[in-house]
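In what follows, a single structure is set out as C-alpha cells and then discussed.
The values are calculated or read from the model by the stated rules, or taken from the named source; none is laboratory data. Remember, it's a predicted structure, so these values are computed and weren't measured experimentally. Cβ placement follows ideal geometry from the backbone for every residue including glycine, while neighbour counts extend to all protein chains displayed. Quick note on the areas: whole protein, heavy atoms, side chains included, nothing else; ligands and nucleic acids left out. Shrake-Rupley method; radii C 1.70, N 1.55, O 1.52, S 1.80 Å.
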Amino acid sequence: MKNVRKSFVLSSHIVTGAILFGSVAYAAESKHADDKKDANKETQAVEKLTVLGHASRIAPATVPLDITQPTSKIQSGFLANNIIPLASVDDIIQFQPSVFSQNPNGPGMGKAETMSLRGFQDGQYNMTFDGIPFGNATDLGHTTSSLFISHFLGEAQIDRGPGTASTIGNATFGGTMGFTSKNPAARMGTTLYGTYGSFNTRAGGIEFNTGKTRFGRAFIDMQHEETNGYLTNSSERRSNLMFKDVVDLAPETTLTIETTYNKEWQYTTQGATLEDYRKYGKNYGLCNDPKKQCYYGYQPSTYTSDFDYISLKTRLLSWLTLENQIYTSGFEHDYSESTDASQSSAAANGVTFYNVVGKKVATYKNDIPGKYADAAYRTYGDTLRLKAHTTYGDILTGVWADVQKDRRYTYAIDISQGSIPVTGKSGSPYSYDISDLNTTIQPYLELNVHPWKGATIKPGIKYSTFKRDYDAGINKSTKVPLKDTQSYNSWQPSIAINQRIIKNWSAYAQVARGFLAPPMSVFQANSVGDVKPETTMNYQVGSVYHGRNWMLSLDGYYINFSNYIAAAQIKVPNIGTTSTYVNSGGAIYRGIEIEGQYVIGYGFSLYGNYSVNDAKYKHSHVRVAQTPNALASFGVLYESEHGPYFSLMGKYAGTHWGLDSTTDDDGNTAFKNQYKIGSTVTADLAMGWRIHHIGSFFRDVTPSIKIANLFNNRAISDFAGNQSYGDAPLFWRIAGRSVFFNMTATMP
C-alpha cells in the first residue's frame, strides 16, 4: 500500500481535473464516518482513482467531466510514450474520435495530404497554438510539416464543436485543434534526444532548461531531421527551434515570451496513377528520369515558418483577471515544379513561347514545362481576455484582432532551358500576381452562471467581421487585373450547459451559430459577385461518466451548413472555360461518437473510440468528399512505475469518396460522387523503458521503439486529383511499415 500512496502523490500532479474532483469528493466523504471503516474506503478509492488517473494520462485521450461540447485531451504522457519527437501534428491527432489523417511519405515526414475532423476539411476547422488562431491566408489551411513538432508540445485538445462565445478563430464551427507548448522545467538540465529508423531517417535534438533564475524559467529546444521518405525520391530535411521563457513578475502576474522557427526542404509529390503503382511499386512517388516531368529534381520545395508571442497574465483586482497575447506569425512556400509531377509520359512534354502581344514564336516539343511560385504571409495580432468573478457567476469578455498581409505569385518556366520564364498567350509569363490584406476582428461576451446545484450554463455572443482587400496585377483565372474589397460580418450567438448529475457523471448540450468568410479563390474568377459567407447551426448533446476504473463518453451532433461554396464553370472571353465559385445550397453533417477507457489493472488499460459520420449535400444523396462514413481507434496500453511501457493502437477508416462534383456536357458543375476509396485498418506499436538515476551523470535515460503500420497495409487511402495531361485519376497510399529507434537522455 505504500507504493500505492507514493504513486498517488506523484500522479496527482498530472491527472485530469475530473479525476481530481473525484479524489476530493471521496476524501471529503471520509471525514463524516467511522474512522477505521472510512480509512479503508478512502484507501480503496484513492487506489482505484489513482489507477484511472494514471491510465488516462497515457491514453490517446481523456474526456473531462466539465465540458460543454465533445472534447478529447491528449496529455503529455501519451505524447512521450507513443509519438516520436520529430512527428508533425497529423501524427499526434490520428487516434482521436472523428479524425481522419494520412501522411503518404511516412509518420512525421512531409506534409499530411489528408486531415479532416467530422468530414470538415483543413480550413473548415480552427487550429490554435497556445490559444492563438492561425492559418493560411487563402483558405485557412495548414501545412503540417512546417509547424511545430511533437517534442515542442505539452498537450493537445480536440474540440469537436464550435465552442462557446469566447472561442476565437475564423472557422470554429468545424471544431478546434488546440496545441499547447510545453512549459520550462523547474530544474536545470540538458536533454539529448535522437531518432534513427526506416527510410534512412535520422534526427537529433537538444533541449536546455535553465531552471528557476532571476530571469524566469526558460528553455531552448533545437532539432534537425533528414529522411529519404517512404515514397521514392521524396527526401526531406527539416530543422525546428523553440524558445520559451516564463517570468513571474509578481505573485499573480506572469509574463511569457515564446518563439518558434521551422524550415523544411523536400521534393514534393502529387500522387500517382494506379498504372504507375502497378509498374513501379506501391511506394512510387517521383521518378529518376530527367527526360520526364516526374523527375524528382524538378520538384524542390522550401517551407519556412515562425510563431512568436508575448503573453501577460495578471490579476487586476481580487475579482478580475486579464490575459493579453501580442503575436506575429509568418509562413513562406518557395518552390518550383514541373507542370505535372505525376506525369511519366514524354508525350506530355513541350514548351511554347509567345511574344508580348500573344503571338506564338517558338515550340520545343521535348522541353520540360513547369512553374516557379512563391507564397508568403505575415500575421500580426492581439488577443485580449478579461474574466470577472461575481457571486452570480463569471463574466468573460475580450477581443481578437488579426491583420494578415499576403503576397503570392507564379510564372511559367522552361526547366530544360535553365528555368527561364515562358511568356504565354496573355503576353506575360505570370499565371497570377496577387497581394491581399485580411483583417479579422472578433469581440465576444460570455456568461458562466450556476443557476442551480451542479449546473453550469454558458450563454454568449460573438461578433465576427472579416475584410479582404484584394489587389491582383494579374488575376489567376482571367489573367487581367482585379482590385476589390469585400467585408463579411456575422453575429454568432451560442448557449451551452453542463449538468453534473452525480459527482462523476455529467451531461451537456450546446447550440451555436458558425461563420466562415469565403476563401480567396472566389476573387480569382471574373467577378466576385454576391458570394455570401458560409454559416452553420450546430446542435450537440452528450454525456461523460467516470467510474472508479473506467470512463465513457457519448455524444451526438447535427450541423446545418448553409451557403456551401462550390466551383462552377464559366466561359471567359479570350481565355476559355474556367472556374468561378457559387453558393451550392448547403450540406448536413450528423453523427454519433463514443469514446471509452477501461483499467484492467497491473498497469494495463484499454482504450477505444468509434464514430459514425455522415455528411451529405442537401436535397441529394451525394456525400461530401473525403468524409469516411465511420472512424475508430482501439488499443491496449501499459505503463509501470518501475519504467517499462508499451502500447498497441489500431485505426480504422471507413469508405469515402474522392470527389463530390463533376462537370456536365454544358460545362456546369453537377454534384456526383466519384472515386470510391475503401476502408482501411492500420496498427502502431510503441514500447520503451524509463531508466532513472544512472550514476551521477544521467538523471533519466529512455530507449524506445516505434513501429508504425505494424502489419504493412499499403492500401489506397485517398484521392489526389487528376493529371493535367490525360486526366487520369491520382491516388495516395498508406505509407508502409516503418521502425524507429529513439533515445532520450537528461542530465544531470
- Query: Are any residues in segment 617-633 at pLDDT below 95 and open to solvent by 10 Å² or more (accessible area, probe 1.4 Å), and if so, which ones?
  - Reply: TYR617, LYS618, HIS619, SER620, HIS621, VAL622, ARG623, ALA625, GLN626
- Scan VAL681, VAL636 and give me the residue that is modelled with pLDDT of 95 or more, within 17 Å of TRP732 (Cβ to Cβ) and of a type in the set (A, V, I, L, M, F, W, C). VAL681
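So which of TYR303, TYR309 is open to solvent by 10 Å² or more (accessible area, probe 1.4 Å) and either in a loop (DSSP other than H, G, I, E, B) or touching a residue at least 60 places away in the same chain (Cβ under 8 Å) (or both)? Full working, then the answer.
On the way: TYR303 fails: open to solvent by 10 Å² or more (accessible area, probe 1.4 Å).
The conditions single out TYR309.
Looking only at segment 142-167, how many residues end up being of a type in the set (A, V, I, L, M) and open to solvent by 10 Å² or more (accessible area, probe 1.4 Å)?
Narrowing segment 142-167 to residues of a type in the set (A, V, I, L, M): 147, 149, 153, 156, 158, 165.
With open to solvent by 10 Å² or more (accessible area, probe 1.4 Å) added as a condition, the list becomes 147, 153.
Residues flagged as of a type in the set (A, V, I, L, M) and open to solvent by 10 Å² or more (accessible area, probe 1.4 Å) within segment 142-167 amount to 2.
When you go through LYS212, LYS182 one by one, which is the residue that is among the basic types (Lys, Arg) and free of Cβ contacts under 8 Å to residues at least 60 places away in the same chain?
Working: LYS182 fails: free of Cβ contacts under 8 Å to residues at least 60 places away in the same chain.
On inspection, the qualifying residue turns out to be LYS212.
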- Is segment 303-324 home to any residue that is under 30 Å from ALA715 (Cα atoms) and not aliphatic (A, V, I, L, M)? yes
- Message: Every residue in segment 414-424 that is open to solvent by less than 30 Å² (accessible area, probe 1.4 Å) and not in a loop (DSSP other than H, G, I, E, B), please.
- Response: ASP414, ILE415
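For segment 271-292, indicate whether the set of residues that are open to solvent by 40 Å² or more (accessible area, probe 1.4 Å), farther than 26 Å from LEU147 by Cβ and in a strand (DSSP E or B) is non-empty.
Taking segment 271-292 first, the residues open to solvent by 40 Å² or more (accessible area, probe 1.4 Å) are 274-275, 278-280, 282-283, 288-292.
With the extra rule that they be farther than 26 Å from LEU147 by Cβ, the set shrinks to 274-275, 278-280, 282, 288-292.
Checking the rest, the ones that are also in a strand (DSSP E or B) come to none.
No: segment 271-292 contains no residue that is open to solvent by 40 Å² or more (accessible area, probe 1.4 Å), farther than 26 Å from LEU147 by Cβ and in a strand (DSSP E or B).
For segment 253-270, give me each residue that is part of a strand (DSSP E or B) and either farther than 30 Å from ARG217 by Cα or small (Gly, Ala, Ser) (or both).
TRP265, GLN266, TYR267
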- Would you confirm whether any residue within segment 613-636 is farther than 28 Å from GLN540 by Cβ and in a strand (DSSP E or B)? yes
- If you go through segment 209-224 one residue at a time, do you hit one that is buried (at least 17 other Cβ atoms within 10 Å of the Cβ), assigned to a strand (DSSP E or B) and in contact with a His (Cβ under 8 Å, 6 or more places away or on another chain)? yes
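Please enumerate the residues belonging to segment 683-711 that are touching a strand residue (DSSP E or B) at 6+ places or on another chain (Cβ under 9 Å), in a loop (DSSP other than H, G, I, E, B) and of a type in the set (S, T, N, Q).
If we filter segment 683-711 for residues that are touching a strand residue (DSSP E or B) at 6+ places or on another chain (Cβ under 9 Å), which is where we start, we get 683-694, 697-711.
Imposing the further condition that a residue be in a loop (DSSP other than H, G, I, E, B) reduces the set to 690, 697, 709-711.
Result: ASN709, single match.
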- Would you mention how many residues in segment 108-134 are assigned to a loop (DSSP other than H, G, I, E, B) and either modelled with pLDDT of 90 or more or within 22 Å of ARG623 (Cα to Cα) (or both)? 10
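Just one of PHE120, PHE78 is farther than 27 Å from ARG57 by Cα and of a type in the set (A, V, I, L, M, F, W, C); which is it? Walk me through it before giving the result.
Working: PHE78 fails: farther than 27 Å from ARG57 by Cα.
Testing whether each residue is farther than 27 Å from ARG57 by Cα and of a type in the set (A, V, I, L, M, F, W, C) leaves just PHE120.
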- Message: Show the residue pairs meeting these rules: Cβ distance below 6 Å; 6+ apart or different chains; first residue within segment 702-725 and of a type in the set (Phe, Trp, Tyr); second residue open to solvent by 30 Å² or more (accessible area, probe 1.4 Å).
- Response: PHE719/TYR675
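Using the structure shown, decide if MET537 is surrounded by fewer than 17 Cβ atoms within 10 Å (Cβ to Cβ) and either under 24 Å from the mean Cα position of the chain (by Cα) or touching a residue at least 60 places away in the same chain (Cβ under 8 Å) (or both).
Working: surrounded by fewer than 17 Cβ atoms within 10 Å (Cβ to Cβ): yes; either under 24 Å from the mean Cα position of the chain (by Cα) or touching a residue at least 60 places away in the same chain (Cβ under 8 Å) (or both): yes.
Spelling it out, MET537 is indeed surrounded by fewer than 17 Cβ atoms within 10 Å (Cβ to Cβ) and either under 24 Å from the mean Cα position of the chain (by Cα) or touching a residue at least 60 places away in the same chain (Cβ under 8 Å) (or both).
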- Message: Could you check segment 712-748 and list, in sequence order, the residues that are in contact with a Phe, Trp or Tyr (Cβ under 9 Å, 6 or more places away or on another chain), outside any strand (DSSP E or B), closer than 30 Å to LYS651 by Cα and open to solvent by 30 Å² or more (accessible area, probe 1.4 Å)?
- Response: ARG737
- Message: Residue pairs, Cβ under 6 Å, 6 or more apart or interchain, first in segment 63-86 and farther than 15 Å from MET649 by Cα, second part of a helix (DSSP H, G or I) and at pLDDT 95 or above. List them.
- Response: none
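One line per residue, one yes/no per condition, for (1) in contact (Cβ under 8 Å) with a residue 24 or more places away in the chain; (2) surrounded by fewer than 15 Cβ atoms within 10 Å (Cβ to Cβ); (3) under 30 Å from ILE495 (Cα atoms):
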{"position": "VAL361", "(1), (2), (3)": "no, yes, no"}
{"position": "TYR372", "(1), (2), (3)": "yes, no, no"}
{"position": "TYR377", "(1), (2), (3)": "yes, no, no"}
{"position": "ILE395", "(1), (2), (3)": "yes, no, yes"}
{"position": "GLY398", "(1), (2), (3)": "yes, no, yes"}
{"position": "ARG407", "(1), (2), (3)": "yes, no, no"}
{"position": "SER426", "(1), (2), (3)": "yes, no, no"}
{"position": "THR440", "(1), (2), (3)": "yes, no, yes"}
- Out of GLY194, GLY229, GLY204, which single residue is free of Cβ contacts under 8 Å to residues at least 24 places away in the same chain and either surrounded by 20 or more Cβ atoms within 10 Å (Cβ to Cβ) or not in a loop (DSSP other than H, G, I, E, B) (or both)? GLY204
- Task: Say whether the condition of being surrounded by 15 or more Cβ atoms within 10 Å (Cβ to Cβ) and touching a His at 6+ places or on another chain (Cβ under 9 Å) is met by at least one residue in segment 449-457.
- Result: yes
- Query: Within the set of pairs 6+ apart or on separate chains, which have a first residue in segment 100-123 that is within 12 Å of GLU236 (Cα to Cα), a second that is among the polar types (S, T, N, Q) and not in a loop (DSSP other than H, G, I, E, B), and C-beta atoms under 6 Å apart?
  - Reply: GLY106/SER738; MET109/THR227; GLY110/SER145; GLY110/GLN266; LYS111/THR144; LYS111/SER145
- Among the candidates ALA496, ALA509, single out the residue that is surrounded by 21 or more Cβ atoms within 10 Å (Cβ to Cβ) and either at pLDDT 90 or above or assigned to a strand (DSSP E or B) (or both). ALA496
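Quick check on this structure: which one of PRO481, PRO451, PRO459 is under 16 Å from ASP394 (Cβ atoms) and free of Cβ contacts under 8 Å to residues at least 24 places away in the same chain? Step through it out loud before you land on a result.
Working: PRO481 fails: under 16 Å from ASP394 (Cβ atoms); PRO459 fails: free of Cβ contacts under 8 Å to residues at least 24 places away in the same chain.
Selected residue: PRO451, the only one of PRO481, PRO451, PRO459 that is under 16 Å from ASP394 (Cβ atoms) and free of Cβ contacts under 8 Å to residues at least 24 places away in the same chain.
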- Item | segment 466-493: number of residues that are polar (S, T, N, Q), open to solvent by less than 60 Å² (accessible area, probe 1.4 Å), under 18 Å from ASP406 (Cβ atoms) and in a strand (DSSP E or B) | 1
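When you go through GLU207, GLU155, GLU236, GLU225 one by one, which is the residue that is in contact with a strand residue (DSSP E or B) (Cβ under 9 Å, 6 or more places away or on another chain), under 30 Å from ALA509 (Cβ atoms) and among the acidic types (Asp, Glu)? Talk me through it step by step, then tell me what you get.
On the way: GLU207 fails: under 30 Å from ALA509 (Cβ atoms); GLU236 fails: under 30 Å from ALA509 (Cβ atoms); GLU225 fails: under 30 Å from ALA509 (Cβ atoms).
Among GLU207, GLU155, GLU236, GLU225, only GLU155 is in contact with a strand residue (DSSP E or B) (Cβ under 9 Å, 6 or more places away or on another chain), under 30 Å from ALA509 (Cβ atoms) and among the acidic types (Asp, Glu).
Would you say THR339 is under 30 Å from PRO451 (Cα atoms), buried (at least 19 other Cβ atoms within 10 Å of the Cβ) and touching a residue at least 40 places away in the same chain (Cβ under 8 Å)?
On the way: under 30 Å from PRO451 (Cα atoms): no; buried (at least 19 other Cβ atoms within 10 Å of the Cβ): yes; touching a residue at least 40 places away in the same chain (Cβ under 8 Å): yes.
No: the conditions fail for THR339.
One line per residue, one yes/no per condition, for (1) over 23 Å from the mean Cα position of the chain (by Cα); (2) among the basic types (Lys, Arg); (3) more than 24 Å from ARG385 (Cβ to Cβ):
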| position | (1), (2), (3) |
| --- | --- |
| TYR303 | no, no, yes |
| ASP306 | no, no, no |
| LYS313 | yes, yes, no |
| GLN325 | no, no, no |
| HIS333 | no, no, yes |
